[in-house]
Amino acid sequence: MIMIEARAVIRWYHEWIAVFIALLLTAVTVSVLLSSLGLDPISSLQRIFIRPLNSVYGVSELLAKATPLITIGVALALGFRAGIWNIGAEGQLVMGGLCGGAVALAFWNIDGFWVMPLILLGGTLGGLAWGAIPAFLKVRFNANEILVSLMLTYVAILLLSVMVHGPLRDPTGFNFPESRLFHDDATLPKLFPAGRGHLGFVFALIFAVLGTWVVKRWHLGFEMRVTGLSTTAAKFAGYNRDRTVWMALLIGGGMSGFAGVVEVTGNIGQLVPNISPSYGFTAIIVAFLARLHPLAVIPAGLLVALSYLAGEAAQLSLGIPAASTQVFQGLLLFFLLGASLLVNYRIRFWRVA
Amino acid sequence: MNKSGVVLGLLALVAIVVAVVSFEPAEKKEKVVVADKTKVGFVYVGPVADAGWTYEHDRGRLAVEKEHGAKVETVFVESVSEGPDAERVIAQMAADGADMIFTTSFGYMNPTIKVAKQFPNVKFEHATGYKRADNVATYSSRFYEGRHVLGLIAGKMTKSNTIGYIASFPIPEVVRGINAAYLAAKSVNPEVQFKVIWVSTWFDPGKEADAAKALIDQGADILMQHTDSAAPMKIAEERGIYAFGQASDQAAYGPNAQLTAIIDDWAPYYVRRVGEAMNGSWSSTDTWGGFDTGMVALAPYGKAVPDDVKAMAEEAHKAITEGRLHAFTGPVNKQDGSPWLKAGETADDGTLLGMDFYVEGIEGSLP
């Protein structure tokens, strides 16, 4: 008979080793897959995972890709700890991009150092408002925040589409659904001479540190954690569940909105109907990969971002199909989560007499 | 302490990765050896196996390989979303040594222009856009010529006088297609009605199939689509009605259902442009080819098309190819009743390229 039981002693380096083993297993499995396609595994692995980072340009692009994943991942980690399942970060990101972009377009011909902060504020408020809807409905009517926030994602995407096809469309753009390009004061400064890594990444790092501080040192963070672990215990301790709901969704909405406006002003430079390749959903994976620890979201976000770049590199240099990205990601997650399970639990085999 | 373990572990991984980055002498040498080949890159919006838009672009790529043989090397990246990822993929291709890059969807326009500035020696070709530069050419096809023929067939063959139209995004190209098909259908059947569903995607078999079912339930007995999958064709086949293939011959998905299909044949254009790039005669141009250039073609007519309808379609096809017939010939009013084209007047390319209105008779409004 097989039994899974909790380990009594867990040392800090166990997780460390588990991560290493998981990465090794991923590399081995991907190698097997690659050799079955008739490719040399070592040089292929190098082309897929190392070559995208082999230049300032590549690293810069990696940071650009990881920026929204980390920003949202931190916010979701905080919310998930409180047991508030904000699945609609994608919609909050889109609203942030839309509102911030609308501010940028309102000042499309006005320069000034104050334009950028205003745009960022607009985007954050947009996401905040979108996160406030499921919070209000949960507090007031006990509506399930998973469903409400998820459904609002589609509303947000359609709203962006309407605005870009209509009022925010570039008047000189032959009626194509794209806004004007933002001018220089309305785009975030770049970090490197090459690639699109931008100031947003620095914000993401700051958020991760702040998030850790909230979790570790702030009473509210403790309150949210207790509520997440046991609502009954929280009630006995006199904690206000409604406040936790509001905080989790407002933090999630505000930061996702911020990620959206940063993406639009740092990476795209205009409003288009499609501003996010599902960053809001991918960030859920990032948050869990980091075990809901805000600081661990940084490497987790970089790793997931790399897996996207790797998928493109695989197509470009090896000619293997786009689905390979999903296979790499799937394998990586499978091994990482599996290894984590085995750190905290062990499998015992014993005979039934 | 577990948590910091994760942090440390993942940070260590990043450190290792960055450290290994500098070791790569073998790759560099290899590049020099293949430098005399012309490297041509393609960026696709859907999967190569979409059986429509991207599939045809990839056939164009294969034609380039076949025609120019050992002198070219082609690479492609599929399913690149039209958002922030596009710029990275295009730039990566250029950085990897591509001499020429075809970006095959409208949404790649600004990313293409941006990357082209950073790589002045790489030649870019952007499909269906309007922004050009010294090293960025644009190209598209007059699909509306094909839509005219489809409209004629649909108008003649519908029993319920209801044509279902699955549309993607209300950009001029799509609106033009709806208008062209409607005007043609109405010219042979004054009772005909178009029902349009906007699915806000170029490729989503699930959504396209749902739209097809909804249209059939509303009485449509012929489907047209401006999305890239073969899903609507399969639904038409299942329900025993007719449909037109999109971008590629989709008879395999609807052997009884397909009346004909508009085929986007990019091969002649790609082969020619790559040739020009190799012999140095390439320049930034704007190409909008129709039946006459071979860039738009029609699939063989289906079994269900009666001989008289076939004859009419063939005659229209021929007349457009020879320049005797224009799909937009007046008198035509806009949807709100205001006059657009006077009797005998044909539409100019400028208006067609920016078309953002329905013609009179189409119900509903543009999203």
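The values are calculated or read from the model by the stated rules, or taken from the named source; none is laboratory data. Note that the structure is predicted; figures quoted are calculated from it, not measured. Here the Cβ positions follow ideal geometry from the backbone for every residue, glycine too, while neighbour counts run over all protein chains shown.
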## Note on the structure
Filtering region B:326-367 down to residues that are within 14 Å of chain A (Cβ to nearest Cβ) and β-branched (Val, Ile, Thr) yields B:351
### Message
For region A:244-283, give me each residue that is within 14 Å of chain B (Cβ to nearest Cβ), part of a helix (DSSP H, G or I), under 16 Å from the mean Cα position of the chain (by Cα) and of a type in the set (S, T, N, Q).
### Response
A:267, A:282
### Tally, over region A:168-195, of residues that are within 29 Å of residue B:173 (Cβ to Cβ) and in contact with a strand residue (DSSP E or B) (Cβ under 7 Å, 6 or more places away or on another chain)
5
### Query
Within region B:132-165, restricting attention to residues that are under 21 Å from the mean Cα position of the chain (by Cα) and β-branched (Val, Ile, Thr), which residue is nearest to residue B:327 (Cα to Cα)?
B:149
### Query
What pairs come up if the first residue lies in region A:286-306 and is within 8 Å of chain B (Cβ to nearest Cβ), the second is among the aromatic types (Phe, Trp, Tyr) and surrounded by fewer than 23 Cβ atoms within 10 Å (Cβ to Cβ), and their beta carbons are under 9 Å apart, counting only those six or more places apart or on different chains?
A:300/A:288; A:306/A:49
#### Entry: Qualifying positions in region A:1-25 - touching a Phe, Trp or Tyr at 6+ places or on another chain (Cβ under 9 Å) and surrounded by fewer than 19 Cβ atoms within 10 Å (Cβ to Cβ)
A:1, A:2, A:3, A:4, A:5, A:6, A:7, A:21, A:24, A:25
### Message
Condition check: modelled with pLDDT of 95 or more and at the interface with chain B (Cβ under 10 Å from one of its Cβ atoms). Does residue A:52 satisfy that?
### Response
no
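Where residues in region A:307-330 are hydroxyl-bearing (Ser, Thr, Tyr) and within 10 Å of another protein chain (Cβ to nearest Cβ), which of them is nearest to residue A:72 (Cα to Cα)? Walk me through how you get there before you give the answer.
Of all residues in region A:307-330, those hydroxyl-bearing (Ser, Thr, Tyr) come to A:307-308, A:317, A:324-325.
Narrowing the set further to residues that are within 10 Å of another protein chain (Cβ to nearest Cβ) leaves A:308, A:317, A:325.
Details: A:308: 17, A:317: 31, A:325: 21 Å.
By that ranking, first place goes to A:308.
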### Summary
Over region A:273-302, the set of residues among the aliphatic types (A, V, I, L, M) and modelled with pLDDT under 90 is A:285, A:289, A:290, A:292
### Message
Quick check on my filter: what residues within region B:142-199 are within 14 Å of chain A (Cβ to nearest Cβ), part of a helix (DSSP H, G or I) and not aliphatic (A, V, I, L, M)?
### Response
B:172, B:173, B:176, B:179
### Index of the failed condition, residue A:40 passing every other in (1) surrounded by fewer than 21 Cβ atoms within 10 Å (Cβ to Cβ); (2) within 20 Å of the chain's Cα centre (by Cα); (3) within 14 Å of another protein chain (Cβ to nearest Cβ)
(2)
### Query
Do we find that residue B:138 is touching a helix residue (DSSP H, G or I) at 6+ places or on another chain (Cβ under 9 Å) and assigned by TED's automatic domain parsing to the domain that holds residue B:309 in this structure?
no
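Each row is one residue, and each column tells you yes or no for (1) within 23 Å of residue B:300 (Cα to Cα); (2) in the same structural domain as residue B:54 (by TED's automatic domain parsing); (3) of a type in the set (S, T, N, Q); (4) surrounded by fewer than 24 Cβ atoms within 10 Å (Cβ to Cβ).
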{"site": "B:148", "(1), (2), (3), (4)": "yes, no, no, no"}
{"site": "B:151", "(1), (2), (3), (4)": "yes, no, no, no"}
{"site": "B:154", "(1), (2), (3), (4)": "yes, no, no, no"}
{"site": "B:168", "(1), (2), (3), (4)": "no, no, yes, yes"}
{"site": "B:174", "(1), (2), (3), (4)": "no, no, no, yes"}
{"site": "B:185", "(1), (2), (3), (4)": "yes, no, no, no"}
{"site": "B:209", "(1), (2), (3), (4)": "no, no, no, yes"}
{"site": "B:219", "(1), (2), (3), (4)": "no, no, no, yes"}
{"site": "B:224", "(1), (2), (3), (4)": "yes, no, no, no"}
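State which residue is farthest from residue B:118 (Cα to Cα) when the search covers only region A:48-82 and only residues that are of a type in the set (Gly, Ala, Ser) and touching a helix residue (DSSP H, G or I) at 6+ places or on another chain (Cβ under 7 Å).
Ranking the qualifying residues of region A:48-82, first place goes to A:82.
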